[in-house]
Structure formats: structure tokens, C-alpha cells
């Protein structure tokens, strides 16, 4: 899969919402919803129902042939229903989605980024699907995306597709240093240090490219050590970033940054492919499409790249932050029953398998073995089996916006005391989550 297509997935801490779109609605016989999440509101309408169903999908990651398939299949169930799939752009359109979901002309189904969805769930803009969770997949749904679709122990957003972080590496440099693919986190760190030593003559070389502000990569080390960012009990958030386990994970991060890395502490991973193309990187942690991006930008490296999921301390795959998107029903939508039937169709194995065949991660763990395509796609499917998510709060977007974890990473990368940096970030995060 080409990078430009996969890049829309974005590692979706940066995914934004869809734009408002104009459209007529001839729902004279449609099922009325207006936010009613009762079983009756979500019940299947009569087969002769006449309506127009508006569905917002973002970017190109759901190809046209998948859209056509879904429309044709739904037409078999409801021949008098017109399905309009309106493609939206991700960038900078949160306010317009906010307006659209509060409008009488609201779309029936909307796609949202996983780190942003809870803002709309908390606002009551989406229909409560809690009574349908088991029917939609329950425990088989990718855990971190299911968390993103949940708020206050209620379920609002159905996982759609995902992408996980994996390790892209130089196979030729591994061979030169007589290294095998690491099977534990300790082996990963030691391999990075050896690459650093063996390539010391290359200016700015990083055995493990780890810029200080790459907070998504840091999470794997925190989680692997048994730590976390924060936990919630009885509506109150308690910070755990300064706990011993989290600090232990961050200490490993500092070891990498100090002894296997030359990436600046005040930079992020936005342009990591540039350093990779300059032969300054042995390994980096990034999205599954990173291999495709590097090969597209520097064809000379084709045939010299490999991909593997980050190994954990116990030899299993390390926990990974999973980016992706979820689908919700507009609480003010007039076609609640129809929208839910279309949601079930998109959630079905036949449709989700098509995502897998397009090198994306489908929304169910039971379908991960269907993922095809590049080594990166296969590796991220494996990584997705142990995925995690940021604290489930409508205020998490503010944590990201205030650069709290990014600043902590910069401090750690500059050699500051890990426990002190974690404590400062912990206090700031807890204050935001408990506002």
C-alpha cells in the first residue's frame, strides 16, 4: 500500500473530525431518533422504508469499491433507501462537526478519530449503543478502540479500523552487526546500542531513533513496565505516571535516548524518514506504513528494510498505542434504526475483511489473521493484539494540546531526573482530567 493512502490513518493521535456537508433528506417515512437510544429507536425498520441515509467517512482509507459494496448490500435489505456516503477531510474540521451534530441537517453516521471521540460522547452528541455492544462484537473488538468509543461506562463509538506502531529497521545493518530480530525488550535496547557503536563513524547515527517528543512510543515502555498514565475510580482520576513502574519504563526510554540515539530531545518523529533516508537510523518506532514512506522517499533503501512488532520484557509483543477511528450515530439523527442496520453491515466480517485485504487493521481481534500486504501491515496486526489507549476522558485532547507528555520527553531526553519529570507531568495531567 502506498504511503499517501496509509498516511491518512495518521497514528491518530492527530486525527481530526469530518467536515459538515450539505445534503437533502427525503426521510418522509424514516425512523425517528432524536437521541432516543432505546431498543425501539434502534430496531430494524420495515423493509419498505423510504429514506436517505447520510454517512460521513473520512479520507481515502475506505476505498470506493468497499463503499460501493456496502451500498449495494444495504440496497438488498432496504431497496427504497438511498445511502449517501460523503467523504470528509481530517484536517482542522472539529468545529464544523460540532456544528453538524447539533444541526437539524445532521448526518446519520459519522467517523471520528479515536483520541477525539470522547469529546462528542461526553457532550451527548452520539447515540448510546451500550445495549448493542455484545451484538457488535463485545470483547472481540480491538480493546483500545473500544475504549475510545466508550465514555462513563457507556458505549457510543464502534471501532472502524486501526493502525499500530511497529519497529522499522535496516536489515543490512543488522546483518553487518550480526544481529537477529530482538525477541525481548532488553534485546531490543541492546541491539540499538550495538548499532550505535558499530556505526559511530556515521554522523548523527541513531541505533534506535527516539526524539524526545515522541510520546506515543514512550507509552509502550511505560505499559510494558506495568505503569500507566492515570486510572479512574468513582469519577476521580488518580495519576500513575510518577509511580515506580511508570518511572522504570521511562528510565529505559532515557537509557535509549542517551546511549542509542542522536535525535534531538526537543523534536518529534514527524520527519524521521528524512534521517532514515540519510542512512542515520538503524531502527525506529512508527506506524506500519513507515516502511512504505521510506521506500517511496528513498528508493535506494528498497530491499534493505524489515519490520517487527516491539517485543515486551516477557518475550510477548509489547503493549502498543493503537490509532484509528470509530463510527457513531448522531443522537439527533432521524434514521436511528436504519443507521444502526448500516452500522451492523460495516461491522460485519465480510466488510471488515476488506480492510484487512487493503493492509489496514480490521476492528475485531478474530480478523487480525486476515491482514494482507506489506510486512508493516502484518507486523502492526500482530502489535494490535496487545493494544492500549490513553485515559478515557473528554479532556484528553487538552493534555495533548498542552504538550505535557512531549515536554516530559524533552526533559528526559536532555538528561533531567526521570522521576521529577514524570511527577511534573503527572500533576499537570491529573489537574486537567479532574477539571
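The values are calculated or read from the model by the stated rules, or taken from the named source; none is laboratory data. The model shown is predicted, which means the values in this text are computed figures rather than measured ones. Cβ atoms come from the backbone with ideal geometry, glycine included; neighbour counts cover every protein chain shown.
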Spot the failing condition for residue 270; the list is (1) more than 22 Å from residue 381 (Cβ to Cβ); (2) surrounded by 20 or more Cβ atoms within 10 Å (Cβ to Cβ); (3) within 23 Å of the chain's Cα centre (by Cα), and only one is missed. (2)
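Okay, residues lined up against (1) within 21 Å of residue 167 (Cα to Cα); (2) without any contact (Cβ under 8 Å) to a residue 24 or more places away in the chain:
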| residue | (1), (2) |
| --- | --- |
| 323 | yes, no |
| 338 | no, no |
| 341 | no, no |
| 351 | no, no |
| 354 | no, no |
| 362 | yes, no |
| 372 | yes, yes |
| 375 | yes, no |
| 387 | yes, no |
Where residue 152 falls short, out of the listed (1) touching a strand residue (DSSP E or B) at 6+ places or on another chain (Cβ under 9 Å); (2) in contact (Cβ under 8 Å) with a residue 24 or more places away in the chain: (1)
Inspect all residues belonging to the range 180-190 and state whether any of them is modelled with pLDDT of 95 or more, under 24 Å from residue 279 (Cβ atoms) and touching a helix residue (DSSP H, G or I) at 6+ places or on another chain (Cβ under 7 Å). yes
In this structure, is residue 261 over 18 Å from residue 315 (Cα atoms), in contact with a strand residue (DSSP E or B) (Cβ under 9 Å, 6 or more places away or on another chain) and touching a residue at least 40 places away in the same chain (Cβ under 8 Å)? yes
Inside the range 120-177, counting only helices (runs of 4 or more DSSP H) that do not spill past its ends, which hold 3 or more residues that are outside the structural domain of residue 376 (by TED's automatic domain parsing)? 171-176
Which condition from (1) out of contact with any helix residue (DSSP H, G or I) (no Cβ under 6 Å at 6 or more places or on another chain); (2) buried (at least 24 other Cβ atoms within 10 Å of the Cβ); (3) free of Cβ contacts under 8 Å to residues at least 60 places away in the same chain is the one that residue 243 breaks? (2)
